[in-house]
1. Taking a ≥ b ≥ c as the square roots of the Cα gyration tensor eigenvalues, with a/c under 1.5 meaning rounded and otherwise prolate when a/b beats b/c, else oblate, which class fits the stretch B:114-222?
2. Pop out the ³J(HN,Hα) list for the stretch B:196-206 in order, Karplus 6.51 cos²θ - 1.76 cosθ + 1.60 with θ = phi - 60°, rounded to Hz; leave Gly and Pro as x.
3. Just checking the output field for A:19-27: average partner chain Cβ neighbours within 10 Å of each residue's Cβ?
4. Where nothing but the Cβ of Lys and Arg (+1) and of Asp and Glu (-1) is charged, how large is the charge dipole of the stretch B:58-119 around its Cα centre, in debye to the nearest 20?
5. Within 10 Å of each residue's Cβ, count the other Cβ atoms and sort A:177, A:75, A:69 from fewest upward.
6. Just counting partner chain Cβ atoms within 10 Å, what average do the residues of peptide A:86-97 show around their Cβ?
7. So what's the back-of-envelope 222 nm ellipticity for chain A, counting only DSSP H runs of four-plus at -39500 (n - 2.57) apiece and dividing by all residues, rounded to 500?
8. Tell me, which cysteines of chain A are without a disulfide-compatible partner by the Cβ under 4.7 Å rule?
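Quick note: the coordinates plus some simple rules give every number you see, no bench work behind them. Please read all numbers here as calculations on a predicted model, not as lab measurements. Neighbour counts run over all protein chains shown; Cβ positions are idealised from the backbone, glycine included.
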Amino acid sequence: MAALTIAVASGKGGTGKTTVAANLVLSLPRAQYIDCDVEAPNGHLFLRPEIRERTSVGIPVPRIDPDLCTLCGDCAEACELNALAVSRTRVMVFPELCHGCGVCSWVCPEPGAITEVERRIGEVASGEAVGRDGSVAFAQGSLDIGEHSPVPVIAAARRCADEDRTLILDAPPGTACPMVETVRGADYCLLVTEPTPFGLNDLKLAVEVTRVLGVPFGLVLNRCDLGDDAVLRYCREEAIPVLMEIPFERTLAEAYSRGIPWVEADPAWRERFEALHGRIREGLER
Amino acid sequence: MKELCIVSGKGGTGKTTVSAAFASLAGNKVMADCDVDAADLHLLLDPQVRRQEAFIGARTPRIDCELCGECGDCESWCRFDAIRLDFDAGYLIDPLACEHCGLCARVCPEEAIRMEDTVSGHWMVSDTRFGTLVHARLGIGEDNSGKLVTLVRREARRLAQEQGAELIIADGPPGIGCPVTSAITGVDLVLAVTEPTPSGFHDLERVASLCRHFSTPLTVCINKHDINPENSARIRDWCASNGVDVLAEIPFDPVVTRALVARRSVVDFDCGPVSDAVVGLWEAVSQRLSEMNRSGYAIPVNSDQLLMRGSPGP
């Protein structure tokens, strides 16, 4: 079997996605970590990579040439996102609303009146961190402050994937388009949750979207002893494999709060995360 | 009427826990759950839905197979790889990849693609033991969450006016993207709940930048402050040098999870020092709100339009 792409996701935030993703990547040989939580990218705080390259991510937005524009209004009428408005004297562009679909330039009857210029919305930083048996390839997408569209930044970050390495994708919380963009096309999705009513509610949403995407998935139950058994009952009913249960330990929470991955605080965790990877592979081979 | 929005940047720091406690402590108010992607506040408030409305987020293309000549123009023009040819079914639209721009419908020479209104979620008005709650559920994999947040806020404002409520308490979404922007633009006060971890701090800085960007007043509460006292001190220092007030620090206690499992807020369930800290936080927040100049942070007259403008997108 080729190297896997494993997305680590959860409906609810703060359940331990980044912790699981960072510890998993540090426990595997020839691995790569890509932070797709571009609104709140945090993996770098635990992996402490050396960043070698930063690349801007942009989307094409329209620029209107006032000398060629006849103010016909076709572009504003066609734009489904209201990113263009026509006044009596000029066409106004609201670039932060534009998704770069190109419909305005397609409908414009005046050749050259609309050209597209790249507008920066974020960046991808890539480099290397120290992992097991050498280096862990690292990349992270980061959405600029005040920008609205995480999806192109996620897509750009995912393009850093090296297919020879086991790829761990750290997904954003929720089940909307940024989560979909991350989990789509992965070989496997690890859903990380906690045994609380919030954790269960958001897990059900994440399960629904992961099933629609056709990505096989299993559960990591974090802080498994703080809460009730409703999540485990749900997993039994839905035949969702529970691959790992992590009890709450104040020492773990404190290591996390100092930015220290568990596998560094206690090497026994490395074996547990290796075993997790083994169970994922077994599940896929079956 | 004042609007308070509770955010965090990083998820799971305790936004909803704080929101539910405020719901219990505040008098005449309307609650709004602006986390439309993974709404959880209703789990603690046990709402009886009074009214439910469909949310028409964006128009979605539909291909009429009878008319389609399979020329492939739609597939080659689409910039989001949302159209592909299926051997049996012909050209298909992937609804999770589609950005609803409508270019496919325009380029189709057979006019076989029509843009149709689609329901991409629901929003609800409910009665709870703590008063009115406006909440919503975005369909899975949908975009336009900002637009739905705007709808929730508008309805909450309308109901607050109708009920003569003085305050709207909104449980915000995580992150700093489109839904957060829609949740905080024009509110009177933002309360960021953070935790003394590298991620909590890092994301607090990003939320603070976003608040500065939109000139929204920000205050902070440090949750689980005793998990790492050095980091808590660092957050306090950073807040002091950035003119942001830390209104309270809440200790870590697993009893909070027990309250959650019992579906109670931390002020309706004996959480000891946690309950005390959250009550203190509420007093500080309400004091801050009452000190605010009524007109100073008022929502602009044409705020609906402004919010709509600033809102669409994923």
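1. oblate
2. x, 10, x, 5, x, 5, 4, 6, 4, 4, 5
3. 0
4. Here the stretch B:58-119 has a charge dipole of around 280 debye.
5. Going from least to most buried by this count: A:69, A:75, A:177.
6. Averaged over the peptide's residues, the number is 1.
7. That calculation yields -9500 deg cm²/dmol at 222 nm.
8. Cys with no partner Cβ under 4.7 Å: A:36, A:69, A:72, A:79, A:98, A:108, A:160, A:177, A:189, A:224, A:235.
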